[in-house]
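Worksheet: one structure, shown below.
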Amino acid sequence: MNPLEHLSWKIVLASKSPRRQQLLKDLGLDFEIRTKEVEEVYPDDLKKQEVALYLSEFKATAFKGDLREKELLITSDTIVCLEDRIIGKPKDREDAFHMLSDLSGKMHEVITAVTLTSQQKQHSFYVVTEVYFKILSNFEIDYYINAFQPFDKAGSYGIQEWIGYIGIEKIVGSYFNVMGLPVKELYEALEEF
C-alpha cells in the first residue's frame, strides 16, 4: 500500500505542466487536473524566494470559492535566478538563446514554491537548488533550442532534456525541484497537512 493512500483528501493539481503531472503520478497519487489562466505578475519589491511563493499563492487565489469539502489544491511556481535577476520563460528563439548564453559557465538557482490549499487552511513552502552549467557553445545552444523548443520553461531549459545531459556539471539540492516539483518536500507536506 502506498504510504499516501491514507490521505482523505481529493487532490487537485492546478498545472498544465506535463512534468509536474508525471512527478505527482510517480508519487503514487490519484489527482484531478484543473487549471485557470493567471497572469504571472508580482510586486517589484519582492526577494527572489518571495516571488515564487507569491506566484504559487496567487495561483491558488484563482480557485477561491471553487474548492469543495475534502479537496486539496496543489499550486506551484518555478523561477530561475542568475545572481539577483529572475529569468522567466523566453519570449522567442532569440530570447532563449540569450538566456542560455547567460547561464553558460555559471551557477544559477532554481526556486520552486508549492502551495497546498483546502477550504480550511493553506500551507506554502519553497525549495532552492543550485545548478552549475558548463560553458555551452553556440552550436550546442542552437541545437538544443531547435530540437527541443524550450519556450514553456523558465530559464529556457529542461534539466531532463539533452541540455541537462550534456551541459550540467553538478547540482546542489533537489533534481526534481529543477523539473518543477520538489517531490520529497511535497510528500512530507502532504503527510503533515
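The values are calculated or read from the model by the stated rules, or taken from the named source; none is laboratory data. Just so you know, these numbers come straight off a predicted model, no measurement behind them. With ideal geometry, Cβ positions are generated from the backbone for all residues, glycine too; neighbour counts draw on all protein chains shown.
Any idea which of Lys25, Lys59, Lys16 is within 16 Å of the chain's Cα centre (by Cα) and surrounded by 15 or more Cβ atoms within 10 Å (Cβ to Cβ)?
On the way: Lys25 fails: surrounded by 15 or more Cβ atoms within 10 Å (Cβ to Cβ); Lys16 fails: surrounded by 15 or more Cβ atoms within 10 Å (Cβ to Cβ).
Unique residue meeting the criteria: Lys59.
Specify the residue that is surrounded by the fewest Cβ atoms within 10 Å (Cβ to Cβ); the eligible residues are those in the stretch 144-161 that are within 22 Å of Ile111 (Cα to Cα) and of a type in the set (A, V, I, L, M, F, W, C).
Taking the candidates together, the pick is Phe151.
Scan the stretch 104-121 and give yes if some residue there is of a type in the set (Ser, Thr, Tyr), closer than 28 Å to Asp142 by Cα and modelled with pLDDT of 95 or more, otherwise no. Steps first, please.
From the stretch 104-121, those of a type in the set (Ser, Thr, Tyr) are 104, 112, 115, 117-118; that's our starting set.
Checking which are closer than 28 Å to Asp142 by Cα leaves us with 104, 112.
When the remaining residues are screened for being modelled with pLDDT of 95 or more, the result is 104, 112.
Yes, there is a match, as at least one residue in the stretch 104-121 is of a type in the set (Ser, Thr, Tyr), closer than 28 Å to Asp142 by Cα and modelled with pLDDT of 95 or more.
Would you be able to say whether some residue in the stretch 122-132 is loosely packed, with under 14 Cβ neighbours inside 10 Å, under 26 Å from Ile33 (Cα atoms) and either without any contact (Cβ under 8 Å) to a residue 60 or more places away in the chain or of a type in the set (Gly, Ala, Ser) (or both)?
No, the stretch 122-132 contains no residue that is loosely packed, with under 14 Cβ neighbours inside 10 Å, under 26 Å from Ile33 (Cα atoms) and either without any contact (Cβ under 8 Å) to a residue 60 or more places away in the chain or of a type in the set (Gly, Ala, Ser) (or both).
Out of all the residues in the stretch 49-87, which are touching a Leu at 6+ places or on another chain (Cβ under 7 Å) and outside any helix (DSSP H, G or I)? Before you say what the answer is, go through the steps one by one.
Restricting attention to the stretch 49-87, the residues satisfying the condition of being touching a Leu at 6+ places or on another chain (Cβ under 7 Å) are 54, 60, 63, 67, 72-74, 76-77, 82.
Selection gives Phe63, Leu67, Leu72, Leu73, Ile74, Ser76, Asp77, Leu82.
In this structure, does Leu67 turn out to be farther than 24 Å from Asn177 by Cβ, buried (at least 16 other Cβ atoms within 10 Å of the Cβ), of a type outside the set (Ser, Thr, Tyr) and at pLDDT below 95?
Judged against the criteria, Leu67 is a match.
Given the options Gly173, Gly167, name the one that is modelled with pLDDT of 95 or more and closer than 14 Å to Met99 by Cβ. Spell out the reasoning first.
Numbers: Gly173 fails: closer than 14 Å to Met99 by Cβ.
Step by step, each of Gly173, Gly167 is checked, and only Gly167 is modelled with pLDDT of 95 or more and closer than 14 Å to Met99 by Cβ.
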